[in-house]
Each structure stands twice: as C-alpha cells, then as structure tokens.
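First comes the structure, then the notes that go with it.
The values are calculated or read from the model by the stated rules, or taken from the named source; none is laboratory data. Model, not experiment: these values are computed from the prediction. Glycine also receives a Cβ, built like all others from the backbone with ideal geometry; neighbour counts cover every protein chain displayed. Calculation scope for accessible area: heavy atoms of the full protein, side chains included, ligands and nucleic acids excluded. Shrake-Rupley method; radii C 1.70, N 1.55, O 1.52, S 1.80 Å.
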Amino acid sequence: MTIRTTSRTVTFAQPFFLRGIAEEQPAGRYIVETDEERIDTASLEVYRRISTLIRLPARPGSLVLNRVVDIDPEELGAALETDPAAPC
C-alpha cells in the first residue's frame, strides 16, 4: 500500500470552530495535511483520501507544543468560505 501526504497552509482572518476541537481557534495560519492511499488499477494512478489533519497551536498553560487533530475536509472548506476576509 502506497500512501502520499500533501501539505498546505490555510489562513483564517477570524476565530473559528471545527467539530472535534473543543475550543474556538484563533485567527491565523494553519498547516493542513492530507493522507491518501493509492488504489491499484490497471490503467490509472488513483488515490483516495484516508485522513485530513490540522496542526493547532498549544493551549495556553499547556506543556504540549502543538496538537494534530483529524478533521473533515469539507467542514474545513465551509469554515474558510464563511471567513469573509480569509483568502481561499
């Protein structure tokens, strides 16, 4: 099984919420990573998404430097669309 990971940076101009993250996240830049696995076909190179992760800053007062949370990429897209000043 072959897995590839792509990474991109998204920018929120305003604080936002996503399911699976208990607290509101501050405006700023976030790294989003998508893992995809290769599906063997005879004629095409095809991949299917298996996870989308967002890297979050540490919580105030925490000893943890950052967190990585599995998210729904469609929910992320919707949150970016509703952020009026964020470049998509």
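Six or more apart or on different chains, Cβ atoms under 6 Å: show the pairs whose first residue is in the stretch 24-44 and more than 30 Å from residue 13 (Cα to Cα) and whose second is assigned to a loop (DSSP other than H, G, I, E, B).
Every condition considered, the pairs that remain are 37/1; 38/2.
Report, by residue number, each residue of the stretch 1-18 that is closer than 18 Å to residue 34 by Cα and part of a loop (DSSP other than H, G, I, E, B).
1, 2, 18
For the stretch 1-33, give me the residue count where each residue is touching a strand residue (DSSP E or B) at 6+ places or on another chain (Cβ under 9 Å) and among the acidic types (Asp, Glu).
Counting residues in the stretch 1-33 that are touching a strand residue (DSSP E or B) at 6+ places or on another chain (Cβ under 9 Å) and among the acidic types (Asp, Glu) gives 2.
Can you tell me which residue among 35, 40 is open to solvent by 70 Å² or more (accessible area, probe 1.4 Å) and among the acidic types (Asp, Glu)?
The match here is 40.
Out of the residues in the stretch 45-88 that are polar (S, T, N, Q) and open to solvent by less than 60 Å² (accessible area, probe 1.4 Å), which is nearest to residue 8 (Cα to Cα)?
Per the criteria, the residue is 52.
Counting only residues that are open to solvent by 70 Å² or more (accessible area, probe 1.4 Å) and modelled with pLDDT of 90 or more, which one in the stretch 16-30 is farthest from the chain's Cα centre (by Cα)?
If we take residues in the stretch 16-30 being open to solvent by 70 Å² or more (accessible area, probe 1.4 Å) and modelled with pLDDT of 90 or more, then 24 is farthest from the chain's Cα centre (by Cα).
Considering (1) modelled with pLDDT under 90; (2) surrounded by 13 or more Cβ atoms within 10 Å (Cβ to Cβ), say which one residue 2 fails and leave the rest.
Among (1) modelled with pLDDT under 90; (2) surrounded by 13 or more Cβ atoms within 10 Å (Cβ to Cβ), residue 2 violates only (2).
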